[in-house]
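The values are calculated or read from the model by the stated rules, or taken from the named source; none is laboratory data. Only a predicted model underlies this, so the values are computations on that prediction, with no experimental measurement involved. Note: ideal-geometry Cβ built from the backbone for every residue, glycine included; neighbour counts use all protein chains shown. Remember, those area values only see protein heavy atoms, side chains included, never the ligands or the DNA or RNA. Shrake-Rupley method; radii C 1.70, N 1.55, O 1.52, S 1.80 Å.
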Amino acid sequence: MNTCVLHLLPACLVSPQLQLQTRRKLLNLPSVWEKPIFRSLQIVPSASSSSSTSFSPAEYPEISPGTRPKRKRQIAGIDQEELQDPAILADPDSCFCEFKGVQIHHKIYDAESVATNLSEEGTISQPPHANKRVNFPMILLHGFGASIFSWNRAMKPLAQITGKKILAFDRPAFGLTARLNHVNHSSQGSEDTRPFNPYSMIFSVLATLYFIDFLAAEKAILVGHSAGSIVAVEAYFEAPERVAALILVAPAIVAPLNLGHVTKDNSSGKSNQTEGEELEVNSKGNWFTTVFSILSKVSQYLGQAIMRLVKGMGGMINSLYKKALSAFLRSAVGIMLVRMIIDKFGLAAVRNAWYDPKQVDDHVLQGYTKPLRVKDWDRALVEYTVAMLTDSASESKLPLSKRLSDISCPVLIITGDSDRLVPPWNSERLSRAIPGSCLEIIKNCGHLPHEEKVDEFVSIVDRFLERAFGVQKESDLQPAT
């Protein structure tokens with residue numbers, strides 16, 4: 001009988017001896033039977049067949065479920081099975097300090113240590129910006145999704161042109177700063193003793209001011225990139241006496257569309273008030289106009305009461321919406337959604353931030369994806385998003401765009417002419433909204449001037465410091481002999 005026919009017959013109709021012979025002959029068939037379509041064929045014995053007719057996994061390891069390798073979970077190319085503590089992932093020059101219960105990762109460079117390292121390496125005998133000195137240290141604030149890594153190329157050159165310490169730190173939810181479980185941590189104690197939400201704007205602002213004290217300085221120059229510019233400006237309004245100057249790099253601050261909007265409103269309000277007073281004066285002695293004035297005031301009061309009621313209902317609906325959205329983001333589905341977004345668009349966003357995506361090498365990608373190795377990075381990112389949506393402290397203040405005209409310290413704005421994330425025209429409007437600010441546009445540059453065009457970026461900052469503070473060379477400060 002044909003062996004193929006025997007192979008396809010039910011096991012109960014073929015004797016065990018004949019089945020064994022058939023199986024042996026099948027192993028010696030021509031190579032055509034080794035194709036994957038034939039190798040994947042399996043015979044499922046009937047319940048009445050003996051155990052000797054079943055196919056053991058040892059004979060067919062390629063179809064054994066137990067031998068199939070497990071696919072590791074990865075986000076943006078980073079294995080999520082072995083997440084680690086930030087301290088294990090730290091660099092040799094990394095530092096950690098505790099602020100309000102959070103271990104904050106930071107790095108510090110100063111001119112002396114940079115000069116010593118350069119002389120030991122033998123890379124350069126005299127730095128191009130050597131012996132420059134200002135009286136204020138610098139604090140660098142990274143943008144959304146970034147970390148200290150984005151300042152790595154600029155920290156040492158900035159230390160050389162200032163002659164002071166340069167400090168950069170990872171804001172909570174980013175970099176190697178500890179991911180605190182805010183939900184459990186904030187549920188302890190009353191509202192007065194409850195700690196700050198580490199993922200809120202006010203925490204980043206207070207941490208910035210803390211590092212000014214950490215550097216033993218009265219004032220500091222704040223350099224903010226993208227969303228870090230918001231932290232820098234908010235820190236200025238929190239304590240303007242502690243900020244010597246602001247340098248905003250590709251600032252993600254929405255500039256006001258109409259710079260004279262507030263003034264016009266005030267002037268029109270005064271004129272309306274004057275007309276109302278004149279109408280009230282002229283209406284005296286006229287019975288009809290008096291009744292009309294009373295009715296108009298009653299309707300005005302009713303309208304204001306209705307508007308307050310609607311506003312209150314709107315606030316309640318808005319509060320319920322925020323609570324529902326926060327609950328959704330903190331759920332397993334919300335966290336999975338965040339992970340999917342980072343996995344799908346994370347690396348693409350890094351490349352899109354550069355003018356020339358080809359310059360984004362493996363070193364850059366590894367630097368930006370390193371925080372994805374930290375435990376609970378996804379939950380911390382969710383908490384950061386929730387904090388932005390439910391920031392009650394910001395709601396009690398005027399919008400930032402309406403406070404820009406109150407800035408009185410020296411301000412430098414730097415942007416790339418090909419920034420695809422924050423358009424250059426927004427920076428131009430921002431420079432007109434801040435009195436006395438300077439605007440510098442770098443050609444052939446995207447969203448990261450301090451990474452793409454380091455030398456040009458440092459030169460612009462150097463010229464700004466000379467204009468703002470009259471920076472002198474160290475040789476001019478030495479007494480004559």
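Only one of the numbered conditions (1) at pLDDT below 95; (2) under 18 Å from GLY228 (Cβ atoms); (3) not hydroxyl-bearing (Ser, Thr, Tyr) is not met by LYS473, and that is (2). Within this structure, ARG420 passes the test of being among the basic types (Lys, Arg), within 18 Å of GLN359 (Cβ to Cβ) and open to solvent by 70 Å² or more (accessible area, probe 1.4 Å). Tell me, yes or no, whether segment 172-179 has at least one residue that is modelled with pLDDT under 95, outside any helix (DSSP H, G or I) and over 21 Å from the mean Cα position of the chain (by Cα). Within segment 172-179, none of the residues are modelled with pLDDT under 95, outside any helix (DSSP H, G or I) and over 21 Å from the mean Cα position of the chain (by Cα).
Of the residues ALA207, ALA232, ALA220, the single one that is out of contact with any Ser or Thr (no Cβ under 7 Å at 6 or more places or on another chain) and over 20 Å from ASP406 (Cβ atoms) is ALA207.
At least 2 residues being surrounded by 20 or more Cβ atoms within 10 Å (Cβ to Cβ) is the threshold, and among the helices (runs of 4 or more DSSP H) wholly inside segment 340-400 those reaching it are 377-389.
If only one of ASP378, ASP362, ASP417 is touching a Cys at 6+ places or on another chain (Cβ under 9 Å) and among the charged types (D, E, K, R), which one is it? Among ASP378, ASP362, ASP417, only ASP417 is touching a Cys at 6+ places or on another chain (Cβ under 9 Å) and among the charged types (D, E, K, R).
Exactly one residue out of SER405, SER319 is surrounded by 13 or more Cβ atoms within 10 Å (Cβ to Cβ) and farther than 16 Å from GLY145 by Cβ: that is SER405.
The residues in segment 211-224 that are outside any loop (DSSP other than H, G, I, E, B), open to solvent by 10 Å² or more (accessible area, probe 1.4 Å) and closer than 28 Å to VAL454 by Cβ can be counted, and the count is 1.
Residue by residue, here is whether (1) at pLDDT 95 or above; (2) open to solvent by 10 Å² or more (accessible area, probe 1.4 Å); (3) in contact with a helix residue (DSSP H, G or I) (Cβ under 7 Å, 6 or more places away or on another chain); (4) not in a loop (DSSP other than H, G, I, E, B) holds:
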{"site": "GLY66", "(1), (2), (3), (4)": "no, yes, no, yes"}
{"site": "HIS105", "(1), (2), (3), (4)": "yes, no, yes, yes"}
{"site": "PRO128", "(1), (2), (3), (4)": "no, yes, no, no"}
{"site": "ASN152", "(1), (2), (3), (4)": "yes, yes, no, yes"}
